[in-house]
Amino acid sequence: MKLKLFLLLTGLACLPIRAEQVAAPDVLAGLRKEHPRLIITTAGWNDLRTRRASDAKLDAVITSIVDSARKVLKAPTLVYTNNGSKMLLVSREAMRRIELCSFAYRITAEKVFLDRAQKDMLDAAAFVDWVPSVYLCTAEMTAALALGYDCLFDALPAATRAKLRQAILEKGIKPGLPSSNTWQKATMNWNQVCFGGLTLGALAIADENPEIAREVLTLARKNIANGLKPYVPDGIYPEGPGYWSYGTTYSVLMVSALETALGTNWDLPAAPGFLASATSLVQQIGPTGRPFNFSDSGDGVQFEPTLFWFAQKLHSPELVYLQNQLLQAHLAKSDKEKNPDRFYPFLAIWIDGLPKNIPPPARLPLAWHGDGPNPVGAFRSSWTDTNALFLAFKGGSTKINHSHMDAGSFVLDVNGVRWASDLGAQNYYSIMSKGWVLFDNKQNSDRWRVLRLNNFSHNTLTLGGKLHNATGDARITEFSDTSATVNLSEIFAGQAGSVKRKFSMAGNKTVLIRDDIAAAQPGLSVRWQMLTRAKISVNNSQATLQQGDKTLTAKIISPSGARFEIASAQPPDDGVNQPNPNAQILAMNAAVPASGNLAVEIQLQPDAAAIGK
């Protein structure tokens, strides 16, 4: 009372309280005390067991997880390596094994799964370190042990829990805290993966190590926004579909763990473009199941369990229409053929609430484009027909992490076949082990000596036989239901005043690609090309591509007199570039006339009799 009177008399009670004087909310407030608390709780496990009896699809997924876990029982011991590229594979294998066996134990209570998960976790915990110099290795190993520790907590001996906590703390969390870790501010997948792993580790051991858990969560909450910036504005992940899967999955794991452990998600799903990225990814996958694999993405059919989380979160089951088909194909395989990745076990959690019969994405447009550092557009003739025509294309620049010199490039699916392909990235280690500097995007970088990464292997233009301009940026400047224009002028700065590529789709049957080059040096060479895995035969201005009993005809509309040729897709024999089997290039070469202007127009016509309705 005396203090209050003193403050009133002196006027101090009327002074405003500064923000820094107000204690910040405790980031550990609401921490669930019991384990498991990451991604799924005890109630969730009980519900899974109950629903399995009446849900055939869930039962099939769980059965496939348990069957895959049985194969892990015979796997060799995890082996440490201080090579970052190889250690990352070890961390991912640890995650795969631990998740499969932890899940199988919670479902079946068979001790063999507990014993194997415990062995792999203790082996990893005994490693001298988790290669913190390449913190991705550390982050994924931290996530693996945190999830296993949490899931199996009650079944693990106290001595095992103590060793795992110590490893998570000393080998996982502490190396990630210093501000010298540049990924903390990075606007790419490293930020998401590393903070995802750190957060899982902190939440797993928060009750025994609350102070360092608070430090981790405070750091993560402050800086994870950097990793979410790439989704702005339309959800296109600039590093390509493959890295969408990597970075986004770790963000989803982080969000899910925050929700189950703390009862909050820090509003991370509300980050601009994040939830929209699911639709963006779906739009980039063709009816063949293959994505438009720009940047360092692979071109194979890839199953995406994380899309089921988005479908669940957004109450939009149509987002997994194609994924559901891939899932059914996977479940139909023999046990020997099944080899699910490290994120597959989460599928059993993320299919909850989705209907048994997934509807087609009728609400999604057939013509779509999105903006961002790597703008992408796509046209398709149908969402449900496996023979549908699908054309996807892009702009962008090489300044983006994992980017290629692929501005103006495209892929084409029709009649169940991919005709215009992208080779995807070469194995990183095969390049870096030879002394080449791979992750440098400057004009004269070793990166652009790799054929799969430069413009000489992509479905785009090359002028004067030169590399694309590494400082240029290409944008989608016009878009309608049947056509789109990509402005490539900056990509060819110094070679032409203006270069624009227009994609058109006529009647869902024919693709036209027109390049208008203006104010170029007369005589400048112009090369149009399309990489394909089809068999090619050429006859002057016309070419026929064949795969199986399907055909596609390419025709040069302009310039008059130009001819197609078949070019090799094989790289120089330099001991670094890897071969590209079963690939070749359909090319056309021309020269800019005296006017300085040249129009190149190519028509791609599939076998009309086979095209789906």
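The values are calculated or read from the model by the stated rules, or taken from the named source; none is laboratory data. This is a predicted model, so every value here is computed, not measured. Because the Cβ atoms are built from the backbone with ideal geometry, glycine has one as well, and the counts that use them run over all protein chains shown.
Points worth noting:
- The residues in the stretch 367-406 that are in a loop (DSSP other than H, G, I, E, B) and under 19 Å from the mean Cα position of the chain (by Cα) can be counted, and the count is 16.
- Checked against the criterion of being assigned to a helix (DSSP H, G or I), in contact (Cβ under 8 Å) with a residue 60 or more places away in the chain and under 24 Å from Leu253 (Cβ atoms), the stretch 294-308 contains one or more residues that satisfy it.
- In the stretch 158-175 there is at least one residue matching the filter, namely being more than 29 Å from Phe113 (Cα to Cα), surrounded by fewer than 24 Cβ atoms within 10 Å (Cβ to Cβ), modelled with pLDDT of 95 or more and of a type outside the set (Lys, Arg).
- Residues in the stretch 594-609 include at least one that is under 24 Å from Glu490 (Cβ atoms), among the polar types (S, T, N, Q) and in the same structural domain as Ser483 (by TED's automatic domain parsing).
- Enumeration of residues in the stretch 220-254 that are buried (at least 22 other Cβ atoms within 10 Å of the Cβ) and over 15 Å from the mean Cα position of the chain (by Cα): Ala220, Ile224, Met254
- Check on Gly435, over 28 Å from Asn582 (Cβ atoms) and in the same structural domain as Trp528 (by TED's automatic domain parsing): yes
- Residue list for the stretch 309-359, restricted to those being small (Gly, Ala, Ser), under 17 Å from Ala278 (Cβ atoms) and outside any helix (DSSP H, G or I): Ser316, Gly353
- Residue match in the stretch 568-581 (condition: closer than 25 Å to Leu453 by Cβ and among the acidic types (Asp, Glu)): yes
- Thr260 modelled with pLDDT of 95 or more, part of a helix (DSSP H, G or I), in contact with a Leu (Cβ under 9 Å, 6 or more places away or on another chain) and of a type outside the set (A, V, I, L, M, F, W, C): yes
- Only a single item in (1) farther than 21 Å from Ala569 by Cβ; (2) in a loop (DSSP other than H, G, I, E, B); (3) of a type outside the set (Phe, Trp, Tyr); (4) within 27 Å of the chain's Cα centre (by Cα) is not met by Ala484, and it is number (2).
- Failed item, numbered, when Leu438 is tested on (1) of a type in the set (A, V, I, L, M); (2) in contact with a Phe, Trp or Tyr (Cβ under 7 Å, 6 or more places away or on another chain); (3) assigned to a loop (DSSP other than H, G, I, E, B); (4) touching a residue at least 60 places away in the same chain (Cβ under 8 Å): (4)
- Odd one out for Ser179, checked against (1) touching a residue at least 12 places away in the same chain (Cβ under 8 Å); (2) over 22 Å from Phe343 (Cα atoms): (1)
- Thr288, sole failed condition from (1) surrounded by fewer than 24 Cβ atoms within 10 Å (Cβ to Cβ); (2) assigned to a helix (DSSP H, G or I); (3) among the β-branched types (Val, Ile, Thr): (2)
- Scope the stretch 464-487; condition more than 15 Å from Ser403 (Cβ to Cβ) and surrounded by 23 or more Cβ atoms within 10 Å (Cβ to Cβ); matching residues: Ala484, Val486
- Only one entry in Asn508, Asn540 is out of contact with any Pro (no Cβ under 9 Å at 6 or more places or on another chain), free of Cβ contacts under 8 Å to residues at least 60 places away in the same chain and polar (S, T, N, Q), namely Asn540.
- The strands (runs of 3 or more DSSP E) falling completely within the stretch 495-549 that include 2 or more residues that are surrounded by fewer than 19 Cβ atoms within 10 Å (Cβ to Cβ) map to 496-506, 510-520, 535-539, 542-547.
- Elements of type helices (runs of 4 or more DSSP H) in the stretch 107-185, at least 2 residues being of a type in the set (Asp, Glu): 111-125, 135-151
- Cβ separations smaller than 7 Å between residues 6+ apart or across chains give no pair from the stretch 264-285 residues that are not assigned by TED's automatic domain parsing to the domain that holds Gly298 to residues that are in a helix (DSSP H, G or I).
- Residues that are among the hydroxyl-bearing types (Ser, Thr, Tyr) and loosely packed, with under 15 Cβ neighbours inside 10 Å, drawn from the stretch 328-363: Ser334
- Meets criteria (touching a strand residue (DSSP E or B) at 6+ places or on another chain (Cβ under 8 Å), outside any strand (DSSP E or B), touching a residue at least 12 places away in the same chain (Cβ under 8 Å) and over 21 Å from Val411 (Cα atoms)) for Gly596: yes
- Selection of the stretch 234-282 for residues being in contact with a strand residue (DSSP E or B) (Cβ under 7 Å, 6 or more places away or on another chain) and of a type in the set (S, T, N, Q) yields only Ser280.
- All of (1) at pLDDT 95 or above; (2) more than 15 Å from the chain's Cα centre (by Cα); (3) under 30 Å from Asn427 (Cα atoms) hold for Lys333 with one exception: (1).
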